[in-house]
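This report concerns only the one structure given below.
The values are calculated or read from the model by the stated rules, or taken from the named source; none is laboratory data. Predicted model, so just to flag it, every value in this text is computed and none were measured. We place every Cβ from the backbone using ideal geometry, glycine too, and count neighbours over all the protein chains shown.
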Amino acid sequence: MLGGSRGVIVPAAGAEGGDKAAHVRQMFARIAPRYDLMNRLMTGGRDQAWRRAAARLAAPPPGTLALDLATGTGDLALALLGETAARGVVGVDFVEGMLRLGRAKLEAVGERRVRLLAGDALSLPFADGSFGCVASAFLLRNLADLRAGLAEMRRVTAPGGSVVALEITQPTLPGWRQAFRLYFHRVVPAVGALVARNRDAYTYLPHSVDRFVAPAELARLMEGVGLRDVRVRRVGLGTVTIHVGHVERAGLAGAAA
């Protein structure tokens, strides 16, 4: 794992896409062994409930495949199996260390309906319309090209399916917004240094949230790539959003045209 002596890994807002992707891949590879533990500590264990909520909102048509994009260690993939009628889940991540941990987790619980693959969220190795839903947890702010990533999620979603994104966001309630910012920018990096031995990654986290688009702008971007009926749900006292957009069925799209 990365020691505390290196510089903070915070790609600049204008960084080249390849540079940002490399930074993110290296960072997640370093924190992979303590990734699940840090998620539980930072959220008081609520991150699993948020994944289950996102899975229920994804609601892939019964018998279809679901895609968990940036699957990490597979928690959202397992939520999709547990909360929906999907017949199976494909999980994709570009950090092999995360995938190894995910495969071990699946083997430990005897789950064989999840297949974990290495892949790039901006260039998915799947045909158009392959999945009943595409879901992601805490992915979008790490993408080198947000619009391209959303378009790729839309491309591989079948007509009648959904695209769901679970993301950290800034709360809006006065007082709570300031308290959350203090916790996120001061406490989380300190816990990351102690538990994951990596202050850098957990300093990148709040800075990446600061730079990410507001929920309303993300909804507009989803609509811009062709998703319809985009809705936003806030959970976690307003610190987390779940965006849901739908791909129109072929008949409805034709009628609208």
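Sort out which residues of segment 60-94 are in a loop (DSSP other than H, G, I, E, B) and buried (at least 24 other Cβ atoms within 10 Å of the Cβ), and write them in order of number.
60, 70, 71, 72, 73, 74, 86
Between 195, 191, 156, 187, which is closer than 24 Å to residue 75 by Cβ and crowded, with 20+ Cβ neighbours inside 10 Å?
The match here is 156.
Looking only at segment 92-138, which residues are among the hydroxyl-bearing types (Ser, Thr, Tyr) and under 29 Å from residue 209 (Cβ atoms)?
123, 136, listed by residue number.
On the basis of being under 30 Å from residue 125 (Cβ atoms) and not assigned by TED's automatic domain parsing to the domain that holds residue 66, does residue 183 make the cut?
No, not satisfied.
Can you tell me which residues in segment 114-139 are surrounded by 24 or more Cβ atoms within 10 Å (Cβ to Cβ) and farther than 14 Å from residue 98 by Cβ?
131, 132, 133, 134, 135 - these are the residues of segment 114-139 that are surrounded by 24 or more Cβ atoms within 10 Å (Cβ to Cβ) and farther than 14 Å from residue 98 by Cβ.
Tally the residues that are farther than 17 Å from residue 238 by Cα, assigned to a helix (DSSP H, G or I) and of a type in the set (Lys, Arg), restricting the search to segment 177-201.
So the count comes out to 2.
When the residues of segment 3-52 are narrowed to those that are among the acidic types (Asp, Glu) and at pLDDT 50 or above, which ends up surrounded by the most Cβ atoms within 10 Å (Cβ to Cβ)?
This residue is 47.
Kindly evaluate residue 213 against the criterion of being among the aliphatic types (A, V, I, L, M), surrounded by fewer than 16 Cβ atoms within 10 Å (Cβ to Cβ) and closer than 28 Å to residue 130 by Cβ.
Numbers: among the aliphatic types (A, V, I, L, M): yes; surrounded by fewer than 16 Cβ atoms within 10 Å (Cβ to Cβ): yes; closer than 28 Å to residue 130 by Cβ: yes.
Yes, satisfied.
When segment 205-255 is examined, which residues are found to be assigned to a helix (DSSP H, G or I), within 22 Å of residue 156 (Cβ to Cβ) and either small (Gly, Ala, Ser) or at pLDDT below 95 (or both)? First the steps, then the outcome.
So the first thing to find is which residues in segment 205-255 are assigned to a helix (DSSP H, G or I), and the list is 205-211, 215-224, 250-255.
Keeping just the survivors that are within 22 Å of residue 156 (Cβ to Cβ) gives 218-224, 250-254.
Hits for segment 205-255 are 219, 224, 250, 251, 252, 253, 254.
Part of a helix (DSSP H, G or I), touching a Pro at 6+ places or on another chain (Cβ under 8 Å), among the hydrophobic types (A, V, I, L, M, F, W, C) and modelled with pLDDT of 95 or more - does that describe any residue in segment 114-131?
No, because not a single residue in segment 114-131 is part of a helix (DSSP H, G or I), touching a Pro at 6+ places or on another chain (Cβ under 8 Å), among the hydrophobic types (A, V, I, L, M, F, W, C) and modelled with pLDDT of 95 or more.
Checking residue 123 against (1) touching a residue at least 12 places away in the same chain (Cβ under 8 Å); (2) over 27 Å from residue 201 (Cβ atoms), which single condition isn't satisfied?
Evaluating residue 123 over (1) touching a residue at least 12 places away in the same chain (Cβ under 8 Å); (2) over 27 Å from residue 201 (Cβ atoms) leaves (2) as the failure.
Sort through 169, 203 and tell me the only one that's touching a Ser or Thr at 6+ places or on another chain (Cβ under 8 Å) and either basic (Lys, Arg) or surrounded by fewer than 22 Cβ atoms within 10 Å (Cβ to Cβ) (or both). Don't jump to the end; show me each part of the working.
Values: 203 fails: touching a Ser or Thr at 6+ places or on another chain (Cβ under 8 Å).
Within the list 169, 203, the selection yields 169.
Which condition from (1) touching a residue at least 60 places away in the same chain (Cβ under 8 Å); (2) closer than 30 Å to residue 225 by Cα is the one that residue 202 breaks?
(2)
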